[in-house]
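I have placed the structure first, in the form of structure tokens, so that the comments after it can refer back to it.
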Amino acid sequence: MEKHKTFGVSFHPDLRDRTNQRAKSLGLTFSRYVTLCAEAELNGQIPSLLGTGAPQPTGATTGIDLEEAIERGGQYSEAKTLSIDFEDDIEEILSNEELCFTRAEKVAHLRTDFVLQHVHTDPKTERTLKIALECRYNIKNRYEVTLGQLIILQNLPALDAVILVVPYLKNFDPTIRQTFQQQGIQIATPDNLLQTLHQTIKQLEKENS
């Protein structure tokens, strides 16, 4: 049996306990687990390596780059948080004006961020005018998907108008903005959202008078 020189390694007690528990769960000794982790790192692999003959935990997933998964998961979570914060800001604007609206409203088979219900009923259809607000914190990401979603919303009988709300217009390609507007989709920022809403309501009332 080949013998190896023993080296002393300093571990924080909590880290040692966690490492020891992980090694046992994989059917390894403490030293063998640490050695495998070191070898994987030196070979440019992530230390989730223990597919080299060591028993895998039940339900372990193979063929996935865990480093990339963690990175992308973090980016998604951060983007989701920023998006929710942006929706919170828009809700505060609407609430301060005492507008009648609902958040995360389901319209037909789709979900929209806000649905504003105009207080005056349409004299012809005898129903309340409804305007959907779709918030996009990152206006540079997935223009085509956003446009497609808004066109679908725009054509739902239950909605009278759709407004895209973004944090700013800087660096928002004017050609793409024009494409949205050609589809009857207004674009607003927090600074002019109320103005855009009132203009849209006024136009809808004119069209239905």
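Points worth noting:
- Residue in the stretch 123-131 that is among the β-branched types (Val, Ile, Thr) and in contact with a strand residue (DSSP E or B) (Cβ under 7 Å, 6 or more places away or on another chain) present: yes
- Restricting attention to the stretch 164-174, the residues that are more than 17 Å from Gly148 (Cβ to Cβ) and either of a type in the set (Val, Ile, Thr) or outside the structural domain of Ile93 (by TED's automatic domain parsing) (or both) total 1.
- Of all residues making up the stretch 123-178, the number that are under 15 Å from Glu105 (Cβ atoms) and among the aliphatic types (A, V, I, L, M): 14
- Scope the stretch 61-72; condition part of a helix (DSSP H, G or I) and either aliphatic (A, V, I, L, M) or modelled with pLDDT of 90 or more (or both); matching residues: Leu66, Ala69, Ile70
- Taking the conditions (1) surrounded by 13 or more Cβ atoms within 10 Å (Cβ to Cβ); (2) modelled with pLDDT under 70 in turn, Thr52 satisfies each one other than (1).
- One residue stands out among those in the stretch 183-199 that are over 24 Å from Glu144 (Cβ atoms) and among the polar types (S, T, N, Q): the one that is surrounded by the fewest Cβ atoms within 10 Å (Cβ to Cβ), which is Gln195.
- Of all residues in the stretch 172-209, exactly one satisfies the criterion of being in contact (Cβ under 8 Å) with a residue 40 or more places away in the chain and among the charged types (D, E, K, R), namely Glu205.
The values are calculated or read from the model by the stated rules, or taken from the named source; none is laboratory data. The structure displayed is predicted, hence computed values, not measured ones. Because the Cβ atoms are built from the backbone with ideal geometry, glycine has one as well, and the counts that use them run over all protein chains shown.
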